[in-house]
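The values are calculated or read from the model by the stated rules, or taken from the named source; none is laboratory data. For clarity, every value in this text was computed on a predicted model and none was experimentally measured. Cβ coordinates were reconstructed from backbone atoms using ideal geometry, including for glycine residues, and neighbour counts include every protein chain displayed. Just the protein is used for accessible areas: all its heavy atoms, side chains included, with ligands, DNA and RNA removed. Shrake-Rupley method; radii C 1.70, N 1.55, O 1.52, S 1.80 Å.
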Amino acid sequence: MSNILKVTTPVVGYDNNAVNNKQTPTQQTQDLSIKNQVDPGRVVRADGRTDADGQQGKGISYESNFGNFVQSLRELPNLQEVMTRMLFGGMANMVESGIGKGTAADIQALFQMLQMNPDELNGFLKDAMAGANRLQGPLFDVLRQIMNDTNSVELKAGILDMLRRYNDMSSGKHLQQTIQDLLEQIEGRMFRNNRQELHQLASRLRPYSMEGSQANVQLLKGQIIPYLGSYISQTKDLGKIRDLISLLALNTSRLENGNVDKVAQAFQRLMDFPSFQKHFQGMTGAQFKDMLLNVDYDKAAGKMDWTDKLLNIMQAGVRGEAGLENKEDFVNMMRSMLINESVYMPVMHVMLPVILNGVPMYSEIWVDPDEESGNPGSKERGIKLLIKFDLKDVGFFDMMMYYENGKMDMLIHYPEELAGHEGDIRDNIRKIMSKNHLEVEYLGVEQGQVPIKVSAAFPKIFERRNAVNVTI
């Protein structure tokens, strides 16, 4: 069979895999050759390298944002290992270890939220997938269609500009909360008199509303940020406080960019294109604004209560409030989540910690909804999924799937504990697919020896042409 699942050999060195880091005895032997030979025709480094980042020939430049993303992936801790260790017993032990009452209450509440039966798991999964893609619904389906059909660079740029503004607008409540948190952190690092003055200015910020955010932006840009700039100039404090002020300026810029009037104006400009106008006949910028004002963005984004509890626990864990012995796990968890949700990650990522009928299970799902077809000669694009889940007392599973036009190709790796049940797994998978009206063209079921790497399943993660590669 052809490689229909399109699992390819990963780019060497980009996975945090012990196998990739092993060296042969020959490689471990000290290289005694001269590395700084004189070459009159060029200027070389002391170690003989001539490239800026230590790589010969073409490669990924780690001086770019995308390069830093790839480097972070290479050093990324295994989120599955951290989460399963904590879900299968770590967090429960923390509750008994004398941590703060607030964090203990959050842990207990989180475990209550994660308990469910198979029917409830279905809804939980749908909510999680919805939350992984904010730009969903009929409006964005139409915008995607226009983007696919048009050859106009100006129209595509206009749509992307509107989407950027929409993304900032729908994140406005979160952005303002981040701004207020940053101001509190800045206050804590200032001298007393300056702290009081900043507190008075910050207290004038109004509660968030879509239409009222502009007043807060004016206060931030006109008084608060200039005051902080003056403070830095006078005190010469170039430490952590300067980094916090930079973050404050960035979030203020995003809050301004997401002003609902600017989103409506971006929509109105797009109406100048006939190919855009035919999909929104009769709609004005004012009507589009009214539609935006009537959307519940937390609900539209599939926001779930358990994520807030998890974030609270992680925040406490990073501060060491869940025990210093657990701090590194929380730091690794946060790093992994941030990398997996990076703007450079070209596939959708969802994490699902659940307690299914009393049995803890941790799962991660990666989805590419626009995968090039695995069927030779087909002009269609399909959906590729990589699903990993670890079920306590059962073991670790890998599932690789490709879906196109009602047909499914599947590759399943099961744990060693189920070695005698391969036939049952195969039969039950076919029954499940048939029940859901899916035709299985290929089904591979085998005992897992080595987990399927994300980079092998989705090689586009490391392809520079799929990401914006810029340096700030």
Ranked by how many other beta carbons lie within 10 Å on average, peptides 210-219, 225-234 from highest: 210-219, 225-234
Estimated FRET transfer efficiency (Arg195, Ala109; beta-carbon r; R0 30 Å; 0.05): 0.30
Karplus-derived HN-Hα couplings along the range 282-294 (A = 6.51, B = -1.76, C = 1.60, θ = phi - 60°), whole Hz, x at Gly and Pro: x, 8, 9, x, 5, 5, 5, 5, 4, 5, 5, 5, 9
Solvent-accessible area per residue, Å², over the range 234-282 with all protein chains present [probe radius 1.4 Å]: 56 Å²
Extension gain (nm, one decimal) between Asn428 and Lys278, 0.36 nm per residue minus Cα-Cα: 49.2 nm
Residue among Asn148, Ser230, Leu163 farthest towards the positive dipole end of the range 145-231, charges placed on Cβ: Ser230
Accessible-area composition of the range 162-247, carbon plus sulfur, in percent [1.4 Å probe]: 46 percent
Where the Cα pairs of the range 183-314 fall when distances are cut into 10 Å bins, in %: 10, 28, 28, 21, 11, 3
Nonlocal amide H pairs with Asp370, under 5 Å, H built at 1.01 Å: Lys384
Computed label-point distance, nm, for sites His437 and Asp141 using a 7 Å Cα→Cβ extension: 1.6 nm
Using θ = phi - 60° and Karplus 6.51 cos²θ - 1.76 cosθ + 1.60, couplings along the range 441-446 (whole Hz; Gly, Pro as x): 7, 9, 9, x, 10, 8
Paramagnetic label zone (point 7 Å from Cα along Cα-to-C-beta, Arg269; backbone N under 19 Å) in the range 167-182: 167-170
In sequence order, calculated HN-Hα J values of the range 392-397 (Karplus, 6.51, -1.76, 1.60; Hz; x Gly/Pro): 4, 6, 10, x, 9, 10
Global geometry of the range 150-255, whether rounded, prolate or oblate, following the gyration tensor of its Cα atoms and the 1.5 cut on a/c: prolate
Nonlocal amide H pairs with Gly444, under 5 Å, H built at 1.01 Å: Met410, Leu411, Ile412
